[in-house]
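Engineer: Encoded as structure tokens, here's the structure I'll be asking about.
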Amino acid sequence: PKVTIVGAGNVGATAAHIIASKNLADVVLIDVAEGLPQGKALDMMHMRSVEQFTVKVTGTNDYADTRDSDVVVITAGIARKPGMTREDLLGVNAGIMKSVIGAAMEASPNAVFICVTNPLDVMTTLAFRESGLPANRLMGMGGVLDSSRLAFAVCEQLGCPPAAVTAWAVGAHGEGMVCWPRFTTVDGTPITELMDEAAVAGVVQRCVKGGAEVVAFLKTGSAYYAPGASIAKMVEAILTDSHEVMSVCAHIDGQYGIEDLYMNVPVRLGKNGVEEVVEFDLNDDELAALRASADSVRAGLANL
Ligand code: NAI
């Protein structure tokens with residue numbers, strides 16, 4: 001299989017590295033910056049005999065080289081600096097997303113597309129509107145990362161290994177994010193039974209603020225290792241047709257009482273992309289929180 005990653009910056013190159021290391025697919029890195037994707041791709045190929053993967057990583061500035069990709073990941077755009085929210089990136093990144101989606105689709109009309117560029121929900125919606133792609137073949141990466149940050153906070157709080165934890169963070173990929181503690185479990189037991197309310201609120205806060213915490217340390221940009229791994233996880237589920245359920249920024253069409261909106265929800269992934277939006281059995285408070293998160297996404301869309 002072939003995966004194209006648009007944007008050979010921190011997130012795109014890290015995703016390429018992980019996809020190659022797992023031997024999932026040949027990877028084409030494409031960027032407007034001349035030499036950057038070529039140099040990073042060559043560097044990764046120099047790693048091949050050490051890591052013993054057999055797939056190829058190539059770099060280009062020409063969409064012709066991305067032809068007939070199975071999956072296209074879009075990471076092109078500027079990232080946050082300290083004090084910025086994801087929403088502050090809208091103006092610049094909307095222009096980039098518009099130019100990228102058309103060119104990428106022309107080269108790979110049958111691909112599954114994963115948007116990563118922030119503000120995620122708005123950029124994924126923009127790509128949907130611009131491309132006319134069927135909703136199952138266009139999604140965004142946000143929820144896998146947010147859920148992984150929640151899982152980390154739970155591990156830190158309870159001192160448990162990552163394999164024991166299943167975590168769910170959904171809703172807007174931003175401050176309007178929603179965590180589902182009742183469905184977040186350690187060896188099958190909900191964290192609401194393992195921690196008091198204050199501790200649950202604490203791990204939720206660590207999840208919601210996780211991205212900003214990284215930005216505050218780095219100062220020059222935003223996170224990329226965990227985002228790269230989260231992209232690779234989604235790509236793997238699609239390429240292997242795994243039917244795995246994970247939190248994905250997908251088109252919601254009536255599920256949870258939410259109409260026509262891109263936002264993170266549990267989704268089953270397979271070779272055609274989104275197979276279904278999975279509806280968890282939410283209580284009234286959880287449903288209200290998810291709908292409020294949807295409202296925050298709609299408010300962001302008004303700025304498009
Ligand atoms: P970066 O600045 O390291 O890389 C961005 C790359 O995009 C640069 O190499 C730039 O040359 C390239 N680019 C700009 N315009 C382009 C175009 N028209 N065509 C092709 N390439 C183009 O930024 P980084 O850290 O890789 O972040 C990329 C984006 O991903 C940002 O918008 C960031 O906010 C977002 N992000 C989203 C996450 C999520 O969970 N959805 C997580 C982390 C970052």
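Engineer: Against the condition open to solvent by less than 20 Å² (accessible area, probe 1.4 Å) and farther than 17 Å from PHE152 by Cβ, how does ALA169 come out, does it pass?
Structural biologist: no
Engineer: Out of all the residues in the range 31-39, is one or more more than 8 Å from the ligand (Cβ to nearest atom), small (Gly, Ala, Ser) and in contact (Cβ under 8 Å) with a residue 60 or more places away in the chain?
Structural biologist: Looking for residues that are more than 8 Å from the ligand (Cβ to nearest atom), small (Gly, Ala, Ser) and in contact (Cβ under 8 Å) with a residue 60 or more places away in the chain, one finds none in the range 31-39, hence no.
Engineer: Look through the range 5-24, keep the residues that are assigned to a helix (DSSP H, G or I) and buried (at least 24 other Cβ atoms within 10 Å of the Cβ), and return whichever of them is farthest from the ligand (Cβ to nearest atom).
Structural biologist: ALA20
Engineer: Assess whether GLY254 counts as being within 16 Å of the chain's Cα centre (by Cα), at pLDDT 95 or above and more than 19 Å from ASP146 (Cβ to Cβ).
Structural biologist: For GLY254, the condition - within 16 Å of the chain's Cα centre (by Cα), at pLDDT 95 or above and more than 19 Å from ASP146 (Cβ to Cβ) - is not met.
Engineer: Between a residue in the range 269-290 that is open to solvent by 40 Å² or more (accessible area, probe 1.4 Å) and any residue that is part of a loop (DSSP other than H, G, I, E, B) and modelled with pLDDT of 95 or more, which pairs come within a Cβ distance under 6 Å, given they are 6 or more apart or on different chains?
Structural biologist: Pairs that qualify, where the first residue is open to solvent by 40 Å² or more (accessible area, probe 1.4 Å) and the partner is part of a loop (DSSP other than H, G, I, E, B) and modelled with pLDDT of 95 or more, are LYS271/ASP241.
Engineer: Then there's this: Which members of the range 105-118 meet the condition of being buried (at least 24 other Cβ atoms within 10 Å of the Cβ) and either more than 21 Å from VAL170 (Cβ to Cβ) or near the ligand (Cβ under 8 Å from one of its atoms) (or both)?
Structural biologist: ALA111, CYS115, VAL116, THR117, ASN118, listed by residue number.
Engineer: Within the range 26-81, restricting attention to residues that are in a strand (DSSP E or B) and among the hydroxyl-bearing types (Ser, Thr, Tyr), which residue is farthest from SER99 (Cα to Cα)? Quick ask: steps written out before the conclusion?
Structural biologist: Going through the range 26-81, the residues in a strand (DSSP E or B) turn out to be 26-30, 57-60, 71-74.
Narrowing the set further to residues that are among the hydroxyl-bearing types (Ser, Thr, Tyr) leaves 58, 60.
Details: THR58: 22, THR60: 17 Å.
Going through the qualifying residues, I end up with THR58.
Engineer: When only residues in the range 256-268 that are out of contact with any helix residue (DSSP H, G or I) (no Cβ under 7 Å at 6 or more places or on another chain) and open to solvent by 40 Å² or more (accessible area, probe 1.4 Å) count, which is farthest from VAL297 (Cα to Cα)?
Structural biologist: ARG268
Engineer: How many residues does the range 119-132 hold that are open to solvent by 10 Å² or more (accessible area, probe 1.4 Å) and either farther than 18 Å from ALA294 by Cβ or of a type in the set (Gly, Ala, Ser) (or both)?
Structural biologist: Going through the range 119-132 one residue at a time, the tally reaches 3.
Engineer: Just name the residue that is nearest to THR66 (Cα to Cα) out of those in the range 93-103 that are among the β-branched types (Val, Ile, Thr) and within 9 Å of the ligand (Cβ to nearest atom).
Structural biologist: VAL100
Engineer: Still on this structure, please answer the following. How many residues does the range 89-119 contain that are part of a helix (DSSP H, G or I) and either without any contact (Cβ under 8 Å) to a residue 40 or more places away in the chain or not small (Gly, Ala, Ser) (or both)? Before you say what the answer is, go through the steps one by one.
Structural biologist: Looking only at the range 89-119, we keep the residues that are part of a helix (DSSP H, G or I), and these are 89-107.
Right, trim to either without any contact (Cβ under 8 Å) to a residue 40 or more places away in the chain or not small (Gly, Ala, Ser) (or both) and you get 89-93, 95-102, 105-106.
Count: 15.
Engineer: Also, I was wondering about something else. Listed residues VAL178, VAL154, VAL204, VAL235; which is aliphatic (A, V, I, L, M), over 24 Å from VAL11 (Cβ atoms) and either outside any helix (DSSP H, G or I) or open to solvent by less than 20 Å² (accessible area, probe 1.4 Å) (or both)?
Structural biologist: VAL154
Engineer: Further question: Does THR54 count as under 22 Å from the mean Cα position of the chain (by Cα) and under 22 Å from LYS271 (Cβ atoms)?
Structural biologist: No: the conditions fail for THR54.
Engineer: Across the range 68-85, what is the total count of residues that are away from the ligand (no atom under 11 Å from the Cβ) and either under 17 Å from GLY35 (Cα atoms) or surrounded by 14 or more Cβ atoms within 10 Å (Cβ to Cβ) (or both)?
Structural biologist: Residues that pass the stated criteria total 4.
Engineer: Name the pairs whose Cβ atoms lie under 7 Å apart, with the first residue in the range 213-242 and closer than 10 Å to ALA79 by Cβ, the second in a helix (DSSP H, G or I) and of a type outside the set (A, V, I, L, M, F, W, C), and 6 or more positions between them or separate chains?
Structural biologist: So the pair list comes out as GLY221/ASN10; SER222/GLY211; ALA223/GLY211; TYR224/ASN10; TYR224/THR14.
Engineer: Now for a separate question. Across the range 40-67, what is the number of residues that are open to solvent by 80 Å² or more (accessible area, probe 1.4 Å) and more than 15 Å from the ligand (Cβ to nearest atom)?
Structural biologist: 9
The values are calculated or read from the model by the stated rules, or taken from the named source; none is laboratory data. Keep in mind that this is a model prediction, so the values were computed, not measured. As a convention, Cβ positions derive from the backbone with ideal geometry for all residues, glycine included, and neighbour counts pool all protein chains shown. What goes into the accessible areas is simple: the full protein's heavy atoms, side chains included, and nothing from ligands, DNA or RNA. Shrake-Rupley method; radii C 1.70, N 1.55, O 1.52, S 1.80 Å.
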